[in-house]
Every structure is written in structure tokens, then in C-alpha cells.
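The values are calculated or read from the model by the stated rules, or taken from the named source; none is laboratory data. If you're wondering where the values come from, they're calculated on a predicted model, not measured in any experiment. Here the Cβ positions follow ideal geometry from the backbone for every residue, glycine too, while neighbour counts run over all protein chains shown. Just so you know, the surface numbers come from the protein's heavy atoms only, side chains and all, with ligands and any DNA or RNA stripped out. Shrake-Rupley method; radii C 1.70, N 1.55, O 1.52, S 1.80 Å.
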Amino acid sequence: MFRDNKLSRIFYLSILLAVSFPLLNVFLIYPQFNAVLISNMEDVAVRLATHVQANLGDNWDDLVRGEGQELTTEFPILIKDFNLLKMKIFSAAGMTVYSTDTADIGKLNSKPYFHGQVASGNTFSKVVKKQTKSLEGQTFEADVVEIYVPVMRNNKFAGAFELYYDISGPIGSLTRTFWYSSILPFILTTVLVLLMAVVLKSLD
């Protein structure tokens, strides 16, 4: 196509760079940033669950049996202080013994990851889209991370917390930063490709 081999190689390298920058961001950098965000949220969730469990002490067994509901009176304060969207507590069998949505209480969690990963003592997280309401009462779709934190007593699975965090804000900021950081290298490499094309064409 172009007779100057050295400039041709630079031209094709510029094309490769123009294509590589967006792909690198999409398949490597963005997922890694997202993974770090989820990992940080997991750390917060584990600390909160550990704090609640320590405060309950021996009363944990009463709670998972569906007794001692007075133990949950301070939960709404914790939920507000830690910016939780929702909190559930499950027995080892997966029965919901506490939830900020009282309609959930008594329901059985039959999810495979609960009886598999969580019951084995592993923290489990997943990001989902959920409908929620603003303070003004408007319904909107939010990015929510659901984090399961197992409770182990005497090395045996005794139940779990499920903590919901609205991460729409951090995800939105991350996405904007990601696209801003992607646009400039893409523009620069695209301009370089066009300039090289003009130069090489003029040499033909």
C-alpha cells in the first residue's frame, strides 16, 4: 500500500495502538477497578457483620431460633450509620430471621451459593440492578452489591448476614473516570494514524 516501509510500520503500529487502548480499558483496567470497589465493600460488610455478631454474643442462638426480637432494635440505627440499603440475617438452614423488610422474615433462602459457598464459610458478593426510592419518593434503578457474610461458631456454620449497599455513586464516578481516561489516548492515537496516512499518501 505504502512504499516507505519504516513509515508504514509506524502507521500500522499507530492503528494497533488506536484499537488497543479501548480494548485494554474495557477488558482489563475497568474490571480491575470494579473488583477493587467490590473488595472494599466486602471489607466494610465483614467489619459490620463482625461488630453486630460480637454485640449479640450468646444471644445469636436466640435470634436465629426466631426469639429475642428485641435484640434487633438497634439494627435500624446501624443500617443508617453504615449507609446500608438493606440487611438480612439467616439461620444456618437459610431461614430469614431478620430483615429490614419484615415481609422477608420466615422465607427460606434456596440460592445455591448460600448453601454452597456461604455455608462453607466464604464471603459471597454479587452486583444487581434493583428498583429503589429516593428521599423524594421517586423510583429509580440502582446498582446494588449484595454481600453475604457467614457466621461461624465453633468452626461450624451458624448463619449469615446479607448486606445491601447502593454503589450507584461509586460506579457512576468510576465509569465517568474510565471513559474520560480512555478518550484522550484514543483521540491522540487516531490523530496520529490520520497524520501518518496523509504523510504516507504524499510519499506515494
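Please name all residue pairs, on different chains or six or more residues apart, with Cβ atoms under 8 Å, provided the first residue is in segment 17-33 and is at pLDDT below 75 and the second residue is open to solvent by 60 Å² or more (accessible area, probe 1.4 Å).
17/192; 18/186; 18/192; 21/186; 22/186; 25/181
Return the pair list, or none, for Cβ contacts closer than 7 Å from residues in segment 40-52 that are over 19 Å from residue 98 (Cα atoms) to residues that are buried (at least 16 other Cβ atoms within 10 Å of the Cβ), at least 6 apart or on different chains.
41/145; 41/147; 41/165; 41/167; 42/123; 42/125; 42/147
Here's the yes/no breakdown for (1) over 20 Å from residue 129 (Cα atoms); (2) within 13 Å of the chain's Cα centre (by Cα); (3) hydrophobic (A, V, I, L, M, F, W, C):
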{"residue": "159", "(1), (2), (3)": "yes, no, no"}
{"residue": "169", "(1), (2), (3)": "no, yes, no"}
{"residue": "173", "(1), (2), (3)": "no, no, no"}
{"residue": "178", "(1), (2), (3)": "yes, no, yes"}
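Residues are listed down the side, and each one gets a yes or a no for (1) within 13 Å of residue 161 (Cβ to Cβ); (2) crowded, with 17+ Cβ neighbours inside 10 Å; (3) modelled with pLDDT of 85 or more:
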{"residue": "35", "(1), (2), (3)": "no, no, yes"}
{"residue": "42", "(1), (2), (3)": "yes, yes, yes"}
{"residue": "51", "(1), (2), (3)": "yes, no, yes"}
{"residue": "60", "(1), (2), (3)": "yes, yes, yes"}
{"residue": "68", "(1), (2), (3)": "no, no, no"}
{"residue": "84", "(1), (2), (3)": "yes, yes, yes"}
{"residue": "90", "(1), (2), (3)": "yes, yes, yes"}
{"residue": "93", "(1), (2), (3)": "no, no, yes"}
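Per-residue answers, yes or no, for (1) closer than 18 Å to residue 42 by Cα; (2) part of a loop (DSSP other than H, G, I, E, B); (3) modelled with pLDDT of 90 or more:
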site	(1), (2), (3)
106	no, yes, yes
110	no, yes, yes
113	yes, no, yes
119	yes, no, yes
132	no, no, no
137	no, yes, no
145	yes, no, yes
148	yes, no, yes
151	yes, no, yes
